[in-house]
1. Please give the per residue volume of the convex hull enclosing the alpha carbon atoms of segment 162-206, rounded to a whole number of Å³.
2. Sorted from largest to smallest, which semi-axis lengths in Å does the alpha carbon gyration tensor of the chain give for its equivalent ellipsoid, taking the root of 5 times each eigenvalue?
3. Send over the Kirkwood Rh of segment 1-130, from the inverse of the averaged 1/r over different Cα pairs, rounded to one decimal Å.
4. Among Phe555, Val574, Ala586, whose Cα projects farthest towards the positive end of the dipole of segment 539-591, with charges put on the beta-carbon of Lys, Arg (+1) and Asp, Glu (-1)?
5. Can you sort Ser520, Ser798, Ser48 by solvent-accessible area, 1.4 Å probe, largest first?
6. Provide the FRET efficiency to the nearest 0.05 for the Thr6-Glu169 pair, computing r from the beta carbons and using R0 = 56 Å.
7. Within the set of other residues whose C-beta is less than 13 Å from the C-beta of Arg384, count the net charge using Lys and Arg as +1 and Asp and Glu as -1.
8. Ile481: net charge of surrounding residues, Cβ under 11 Å, Lys/Arg +1, Asp/Glu -1, itself excluded?
Amino acid sequence: MPLITTKRYDKSSEKKWQKFWREKKIFCFDPNSDKPLFTIDTPPPTVSGFMHMGHAFSYSHIDFIARFRRMAGYNVFFPFGFDDNGLATERFIEKKCNVRAKDLTRQEFINLCLKQTVEVEKELTRCWASLGMSVDWNIFYRTIDDRCRRISQKSFIDIYKQGRAYQKEAPTIWCPLCETAIAQAELKDEEKDALFVEINFVLENGDKINIATTRPELLPACVAVFVHPDDNRYKKLVGTKAKVPLFDFYVPIIADERADPEKGTGIVMCCTFGDQTDMEWWKVYNLPLKIAITKDGKMNELAGKYKDLPVKDARMQIIQDLKNAGLFVSEKRIKHSVNTHERCGTEIEFLVTKQWFIKYLDLKQKFLDEAEKIKWYPPFMKARYDNWVENLQWDWCISRQRYFGVPFPVWYCKKCGEVILADLQDLPVDPLQDQPKQPCPKCGSTEFEPERDVLDTWATSSLTPMIVGKWIEDPNFFEKIYPMSLRPQAHDIITFWAFTTVVKGLLHTENVPWNDVMISGHALDEHGKKMSKSKGNVVDPMKTINKFSADCLRFWAASSKLGEDLPFQEKELVAGQRFLTKLWNASKFVINNLEGYKKNSIEHEKLRPVDRWILSKLNTMIEKTTKYFESYNYCHAKQKLITFFWHDFCDNYLEIVKDRLYNPDKYDADSIESAKYTLYNVLLDTLKMLAPITPHITEEIYQLYFKKHEASESIHISEWPESDDELISIELEETGDLLSDIISSVRKYKTENNMAMNAELSKLTINAKKAEEEKLSTVADDLKAVLKINDIEFGSASQIKTERFGIILNIEK
């Protein structure tokens, strides 16, 4: 009775194995193990919707490495968590529940968010588990839970005591839609259509000068006009004044090298604030401060009749009024780069607000130097980190004017304004609900004003090594796992998550947070475009898993080189499906022909040459695949494994060995034992090497047959194959490749002549070089058996030329 009778692999068994892994605690981290540690700083997905294809793509890459390291003998620390305290989550809850945070009391909105995120995270956990992730679900966190809030607040207090956290009223990057300050890292450059308008400013003597701008709505905030000191056209204007059109006040004309003579008319207006240069001029020349835009993106009293108009509406109305007043010269449509908030896509403003910052511009060189200690995979991704650090212009703004987040552990003395920090033993605290336990140390007052802002979500997410490493509650454990082995993440958040985690790691430990960084690309649509709901090109990974299987989706995800974006093409999942079918059928054939086989070792000398050939190929493959996985090169590992398994093992070796399996009476016992030993080990080791990428089907096959012969309860905690150098032979691999080349050519001949593959041939003449002839003579019996040839001889031939080695053949029917 065959051991496997099922005709095809049933993808519904994936749920069975996911349940098995959980119940048997296959992937649980063992804190008492003596194995070497491999620790992963897993990205916590943002709770702002559902798992998308980009998640499935990049988290598959992480799991490939975790599974490999576990099988390679490491005690793998693979935690999981959700980032659920930030602006993205807040906006998601507002949309999901059709509410606005500002319309509820703060506590009502916080309670709503806490309730909703718990429900959403249950579904998200199910989605990630369906992908086959081998995380330890017992090491779980939410960035809004008490432990994370305690760690985040301690981080702030420590940095404040270092003198690096400070509060200041200053120009701030502001999102008018989200109504909060944001950090430089949260800016995104987008190409947008704009009107480049040229308008008249009138000089004191009545002459006119032309200034080009894309933001005429900032005219009420104009505080100066600048020209380049070497621009001969305008040298005579320096020191005079110009009247701002429509608003009829005068501003000074100043010479400064930052004015670009090649841009527009060469004269530029300085408004508070249109961009970074405006801020620099404002500081250097001690210019007045005029803010014309409100926090929700409308014009204020300074704009006169344009008050309460949204910025873009005011822009168009001012252009029309300039035309009516005869102060309009020209306009042209352009595309230019605009700073937007990466969370919502809104064009940002620069407003003067009171915010908390972390001072770090003086540490830029240290951030660059320390990053050299980290190995970046792929190496070119480090350039993104370096470019970001080199171009930093702002300290890190960490305060947000929102509701759902980690509160600052801060109060202010009502009497003297002293900053009061929470005691460490009281963390986490909510200053809106709690009070300091001691009077003001400066004046003795007991009346306090709570800080109402919350910490930027990245101020907490940047602490993931501290969160999973039990920084506060178990310092010994933290010392054991820090720095962590690996930070896996996508390339778009190098400037967010990678950089800020390096910052926090250095500020708190004086050490970088990880040894390696692995950067994934993005999943794109079939045309190579970014997936988005507005474009209607989003592919749901859960629907894909239901249609094909998680292993097929992971097979597709393994197709990209590390760091490269990958278009989603269904044909690749179909190819994955075909491969899984091939793997199932080949395994079924091997296992059914191993009935009664008792696992044992065998002397290499007793192995037939053709068996030595495939075992040499296998051990070469083990050596290469191990190196590929060690360097996070899962793509090449997959490609090489497919070629080996499909071409060398299935197409050639299995066909060659069939005669020994089907006609054992023709062979001696050693030849049969050699065949079964080879089949057992090649299939088992191939399954192990495929297991990180396709974990479900490899577990299914392992459990069907190999578990009873092996010591491990699951293939995923079995030992990774080790290459046996004694079994690697270049000469035998060349022999097998010559054999495969001839087999391929004779099969092609039979197909072209409408012959069945098992049709007998009377004679095959091989015209080969002497060295090739000697090699082929050692496998002549196998060649006869697989091709059904009665006689083989070496000599003159001219009929067929093999494709790979150019051996000349004559075939007689």
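1. Normalising the Cα hull of segment 162-206 by residue number yields 201 Å³.
2. 66, 34, 22
3. Over segment 1-130, the inverse of the mean reciprocal pair distance is 17.8 Å.
4. Ala586
5. Numbers: Ser520 0, Ser798 105, Ser48 60 Å².
Highest to lowest solvent-accessible surface, that is Ser798, Ser48, Ser520.
6. With a Förster radius of 56 Å, E is 0.20.
7. So the environment of Arg384 carries a net charge of -2.
8. So the environment of Ile481 carries a net charge of -1.
The values are calculated or read from the model by the stated rules, or taken from the named source; none is laboratory data. Just so you know, these numbers come straight off a predicted model, no measurement behind them. Heads up, the Cβs are rebuilt from the backbone with ideal geometry, glycines too, and the neighbour counts pull from every protein chain shown. Just the protein is used for accessible areas: all its heavy atoms, side chains included, with ligands, DNA and RNA removed. Shrake-Rupley method; radii C 1.70, N 1.55, O 1.52, S 1.80 Å.
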